[in-house]
Amino acid sequence: PNGVPELGGRRAALDNKTVVAAGRIGPQKGFDRLLPAWAKVAPGHPDWELKIWGGGKGIGKLRRQAEELGIADSAHLMGFTDQLHEELADSALYVMSSRKEGFPMVLLEAMSAGLPVVSFDCPTGPRDIIREGVDGYVVPDGDGDALAQAMSRLMDDAELRKAFGA
């Protein structure tokens, strides 16, 4: 059976050109690993944006990293929201760049909103939740090139996004 419970709310139409990530801003969630991958993706997808939702003391450091990478115009640190499900439903793809997880609830929430997902194969959780090539991609932990390629594949193919999101 599908392990992703229906959380209510609307499902993503998957046509907004937004990639989303969410979590507490800090080393564990690996947003510092996501930004360099986004820097590889963004030039080929100038009409797409990355939104990172979450609060924490590391926001300033990530903003500086985005500036240094030249992606501050397309990679946005949005801060905390209590309407994450709505933000997920306004997106086309969820990406998880964590260094480690227990059981990543935000991944389930993204899938519940109908988003295809891309994740590093961090210990533990993503490989247990994502069905490779069915509802998302799990790439080798820390491999930014593979993360960028998986994001690009889904960003370039609306039908694949819809098939994975279903």
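The values are calculated or read from the model by the stated rules, or taken from the named source; none is laboratory data. Computed from a prediction, not measured in an experiment: that's the story for all the values here. Cβ placement follows ideal geometry from the backbone for every residue including glycine, while neighbour counts extend to all protein chains displayed. These area figures cover heavy atoms from the full protein model, side chains too; ligands, DNA and RNA do not enter into them. Shrake-Rupley method; radii C 1.70, N 1.55, O 1.52, S 1.80 Å.
Does SER98 count as under 20 Å from PHE164 (Cα atoms) and among the small types (Gly, Ala, Ser)?
In short, no.
What do you reckon, is ILE25 assigned to a strand (DSSP E or B) and touching a helix residue (DSSP H, G or I) at 6+ places or on another chain (Cβ under 6 Å)?
no
Are any residues in the stretch 24-44 open to solvent by less than 20 Å² (accessible area, probe 1.4 Å) and either more than 20 Å from GLY102 (Cβ to Cβ) or not hydrophobic (A, V, I, L, M, F, W, C) (or both), and if so, which ones?
Matches in the stretch 24-44: GLY30, LEU35, ALA37, TRP38, VAL41, ALA42.
Across the stretch 84-141, what is the total count of residues that are within 17 Å of GLY26 (Cα to Cα), open to solvent by 10 Å² or more (accessible area, probe 1.4 Å) and β-branched (Val, Ile, Thr)?
Count: 1.
Can you confirm whether VAL118 is closer than 23 Å to GLY9 by Cα and among the β-branched types (Val, Ile, Thr)?
yes
Tell me yes or no: at least one residue of the stretch 142-153 is hydroxyl-bearing (Ser, Thr, Tyr), open to solvent by 10 Å² or more (accessible area, probe 1.4 Å) and touching a residue at least 60 places away in the same chain (Cβ under 8 Å).
For the stretch 142-153, residues hydroxyl-bearing (Ser, Thr, Tyr), open to solvent by 10 Å² or more (accessible area, probe 1.4 Å) and touching a residue at least 60 places away in the same chain (Cβ under 8 Å): present.
Filter the stretch 35-52 down to residues that are in a helix (DSSP H, G or I) and more than 14 Å from MET155 (Cβ to Cβ) and give me whichever is nearest to the chain's Cα centre (by Cα).
LEU35
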